[in-house]
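Rule-based calculations on the coordinates, nothing more; no lab input. Values in this document were obtained by computation on a predicted structure and should not be read as measured data. Cβ atoms come from the backbone with ideal geometry, glycine included; neighbour counts cover every protein chain shown.
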Amino acid sequence: MEIRCPACRKINNESLECIRCGCDLSILKRILKASRHDFLIGLHNLKNGSGNDALYHAKRSWNLKKTPEAAKLGFMASLLANKFDQAIVWYRRSIKEFG
């Protein structure tokens, strides 16, 4: 899992500290793991037809780390939950953030 150091912008791979400046990256790694965890739970809920639960986890994942996958999950979950106004928001997020 690559993490860019917020202090010096150096890309780090597995280290819990930046290899250039020594900045603590452990919190960022936990945030990324939590975001991925919520995304996977949301994906599971989507596959099982639970749109509201999938949408909840898409929102949590998005709030931790804005990814195209979280935006797509939010869009699909909104459609499944018949929340078309939210589907538009998720669609726009995916276009705005990721082209």
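Near SER15, no amide H atom lies under 5 Å from its own; only residues 5 or more places off or on other chains count, and H is placed 1.01 Å from N.
Under unit Cβ charges (Lys, Arg +1; Asp, Glu -1), what dipole magnitude, rounded to 20 debye, does the chain have relative to its Cα centre? If you can, show how the numbers build up before the last one.
Values: 18 positive and 9 negative charges, 44 e Å.
The dipole of the chain has a size of about 220 debye.
Computing volume of the Cα convex hull per residue in Å³ for the structure here picks out one of (1) 89; (2) 133; (3) 98, namely (1).
Using a Förster radius of 25 Å, what is the FRET efficiency between MET1 and ASN48 based on their Cβ-Cβ separation? Nearest 0.05, please. The partial results should precede the final answer.
Values: r = 27 Å, r/R0 = 1.09.
Once rounded, the FRET efficiency stands at 0.40.
For LYS66 and CYS23, FRET efficiency with R0 = 22 Å and r from the beta-carbon atoms, rounded to 0.05? My answer for the efficiency is 0.55.
The distance between label points at VAL89 and LYS10 comes to 4.0 nm (points 7 Å beyond Cα on the Cα→Cβ vector).
For ARG4, the residues whose amide H sits under 5 Å from its own are ASN12, ignoring neighbours fewer than 5 places away on the same chain, with H placed 1.01 Å from N.
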